[in-house]
Amino acid sequence: QVRLVESGGGLAQAGGSLRLSCAASGSVFSIQRMGWYRQAPGRQRESVAHITRVGTTNYADSVKGRFTISGDNVKNTVYLQMNGLKPEDTAVYYCNAIKAGTNYWGQGTQVTVSS
């Protein structure tokens, strides 16, 4: 089993920044990919960014140029640096990990961006 714990959410003004972290514990040795999803009220959960063990990244078009995902294999932790925040970034952000084709999820952390 893999346990994921997010932190770093909160309130920011439009144009501001937040940094999210996700610490993985448990059977982490065979995790292939980790990343972030988000879900706003009344909207479907969507992929935000992902990173592999070797550091390959991908981003949703809506966050390219503003968000940066990074990982620390020693700490088994991934980060999401969010710059240039917009009100439409407001959502619950969930950490995700993939191991042997199975998805694991954190409990989520709220990000609220005011205009």
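Things worth noting here:
- Cα-based shape type of the chain, given that a ≥ b ≥ c are square roots of the gyration tensor eigenvalues and the cut on a/c is 1.5: prolate
- Carbon and sulfur %, accessible surface of the range 24-67 computed with the full protein complex present, 1.4 Å: 48
- The range 1-43: chymotrypsin sites (Phe, Trp or Tyr not before Pro) in DSSP coil with no more than 16 other Cβ atoms inside 10 Å: F29
- Between S115 and F29, the FRET efficiency estimated from the beta carbon spacing at R0 = 30 angstrom works out to 0.10.
- Estimated dipole of the chain in Debye, rounded to 20 [Cβ of Lys and Arg +1, of Asp and Glu -1, Cα centre]: 180
- Based on Cα contacts under 8 Å between residues 6+ apart, the chain shows a relative contact order of 37 percent.
- For trypsin sites (Lys or Arg not before Pro), the sites in the range 1-107 that DSSP calls loop and that have at most 16 other Cβ atoms within 10 Å are R43, R45, R53, K64, R66, K75.
- Under 25 Å from the Cα of K64 - lysines, other chains or at least 8 residues apart: K86
- Candidate residues E46, E88: accessible-area rank, largest first, probe 1.4 Å: E88, E46
- Size descriptors for the range 28-67, from the alpha-carbon set: Rg then Dmax equal 11.9, 36 Å.
- Entry comment: accessible area of the chain is 53 Å² per residue, from protein heavy atoms only and a probe of 1.4 Å.
- With θ taken as phi - 60° and the Karplus curve 6.51 cos²θ - 1.76 cosθ + 1.60 applied, the whole-hertz 3J(HN,Hα) list for the range 12-19 is 9, 8, 3, x, x, 9, 9, 10 Hz, x standing for glycine and proline.
The values are calculated or read from the model by the stated rules, or taken from the named source; none is laboratory data. This one's a predicted model, so the numbers in the text were calculated from it and none came from an experiment. Using ideal geometry, Cβ is built from the backbone for each residue, glycine included, and neighbour counts are taken over all protein chains shown. Just the protein is used for accessible areas: all its heavy atoms, side chains included, with ligands, DNA and RNA removed. Shrake-Rupley method; radii C 1.70, N 1.55, O 1.52, S 1.80 Å.
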